[in-house]
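A short write-up of the structure that comes next.
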Amino acid sequence: KVMVHQLVRARSDDFQLQLKRYNYVTPKNYLDFISNYRSVLKEERRKIDSLIKRLDGGLSKLVQAAEEVEVMSKKLEVATKEVAVKSAEVKEMLIQIKDSTTKAEARQAEAEAKEKELEVDSARIAIEKQEAEAALEEALPALAEAAEALDNLRKEDITELKSFAKPAQLVQDVCSCVVILKGYKDPSWKGSKLMMNESNFLRSLVEFEKDSLTDKQIKQVKQFFQQADFTPEAARDKSMAAAGLLKWVYAIVNYYGVAKTVNPKRQAVAQAEKSLRQASKDLAKIKEEVKFLAAQLLELNEKYEQGSAEENELQTKADTMARQLDAASKLIAGLQSERERWTADLEQLRTSRELLIGDCLLGAAFLSYSGAFNFEFRTSMLKEAWEPDLLEKKITLSQPFRLE
């Protein structure tokens, strides 16, 4: 500043008339020079700082947008994978639903067929059981008569019978039949007496296990039936006890004849009933399985609906993200040239700010001192004196410097 002030005084000899006219180079010029320099430097810095701030903000936004696009791209990649995973899960559930539906329908059809079969079998078994019971009832009157005959026998009658040393042959034969039916080995009179000596002999006849008889026993007994006088009436003439025992023998043999025909039916009915009970259990298990499969299928369908909804939501989000990413990418690509230009402008502004020290010194010097001189003198001071002095002192300024 001092150099400028002194130089203007030294070089103004050629312009004494102007100096006298304007009284130009005074201490006030120097003070104006300092004031102008400060105000111009402040104003220019404010302008450049404002432009730098705007450009820097714009560039920051572009950088931020580019970073956000990169983040969005990664998010989209993750979202795409999530959609793929969820889609695979939904497809797997759909396969499970189809398999479970097929299995449930098959078991349901099996249950319905089984139930109809059981209805038919139940009706058939009921008829067969009724027929067997009806056939068995044919022997019940004889058994009732035998029971009545046993009821009519007294212990004294048996005592009297076994007291005979050697009764009539008819009586011995009757007792032999009883021995054979009861399964003893000795059908002689001696064996018969031993049988009747048992305690509760009559009770054993009442509680006799008639279903345990064999064909051999019945065949042996029936040999006695060939005798013409082998009847209860004929035996009554010999012994009341023998008559009652013979009624019992006839009833047992008659029962065996009926039972031999009926028992296979009864056994078949019993086996059928057993099979029916097992089939009922199997049907119950099938129905329970069908119930379980139906619940499982319902749960799978609920999961499928939920999974499908999640898949659609994820797909919608991914599609929206893809559209946003595409638009942002296009915008970033379109602003790339602006980014390059703004970066260059920002760099230039920062450089210009560094040059403001020299530029404002020259500008303030021009404003404060050159007003009284002509164009040539102004240019001479600026280009030949002030500017070279700043360069010599290594004060930054624009090159080439233009006052405008």
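The values are calculated or read from the model by the stated rules, or taken from the named source; none is laboratory data. Predicted, not measured: the structure shown is a model, and the values here were computed from it. FYI the Cβ positions are ideal-geometry reconstructions off the backbone, even for glycines, and counts take in every protein chain you see. When the accessible area is computed, the model is the full protein with side chains, heavy atoms only, and any ligands, DNA or RNA have been set aside. Shrake-Rupley method; radii C 1.70, N 1.55, O 1.52, S 1.80 Å.
Values for this structure:
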| read-out | value |
| --- | --- |
| Dipole magnitude of the chain, debye to nearest 20 (Cβ charges: Lys/Arg +1, Asp/Glu -1, about Cα centre) | 1560 debye |
| Proximal lysines to Lys28, defined as alpha-carbon separation beneath 29 angstrom and excluding residues fewer than eight positions away on the same chain | Lys1, Lys20, Lys42, Lys47, Lys383, Lys393, Lys394 |
| Carbon + sulfur, % of accessible area of the range 284-403 - ligands and nucleic acids excluded, 1.4 Å | 56 percent |
| Reach of Lys210 by Cα under 19 Å, taken over lysines that are not fewer than 8 positions away in the same chain | Lys182, Lys185, Lys219, Lys222, Lys247, Lys260, Lys265 |
| The range 139-238, accessible area per residue, ligands and nucleic acids excluded (1.4 Å, Å²) | 61 Å² |
| Interchain or long-range residues, amide H under 5 Å from Phe401's placed H | none |
| J(HN,Hα) series, the range 148-159, from Karplus relation 6.51 cos²θ - 1.76 cosθ + 1.60, nearest Hz, glycine and proline x | 5, 5, 5, 5, 6, 6, 10, 4, 5, 5, 5, 4 |
| Residue-level accessible surface for Glu44, protein heavy atoms, 1.4 Å, Å² | 60 Å² |
| Globularity index of the chain, i.e. its alpha-carbon radius of gyration over 2.2 N^0.38 Å | 3.09 |
| Inter-centroid distance (Cα atoms) of the range 25-62 relative to the range 136-200, Å | 148 Å |
| Nearest-ten-degree value, helix 240-334 long axis tilted from longest Cα axis of the chain | 10 degrees |
| Qualifying lysines (Cα of each under 18 Å from Cα of Lys281; at least 8 residues distant if same chain) | Lys114, Lys116, Lys291 |
| Which of Ser212, Met240, Phe201, positive extreme of dipole for the range 133-290 (C-beta unit charges) | Ser212 |
| Residue among Ala111, Ala65, Ile127 farthest towards the positive dipole end of the chain, charges placed on Cβ | Ala65 |
| Net charge of Cβ neighbours under 10 Å - reference Ser239; Lys, Arg +1; Asp, Glu -1 | -1 |
| Relative contact order (%) - the chain, alpha-carbon pairs under 8 angstrom, separation at least six | 35 percent |
| Cα gyration tensor, the range 191-289 - rounded (a/c under 1.5), prolate or oblate | prolate |
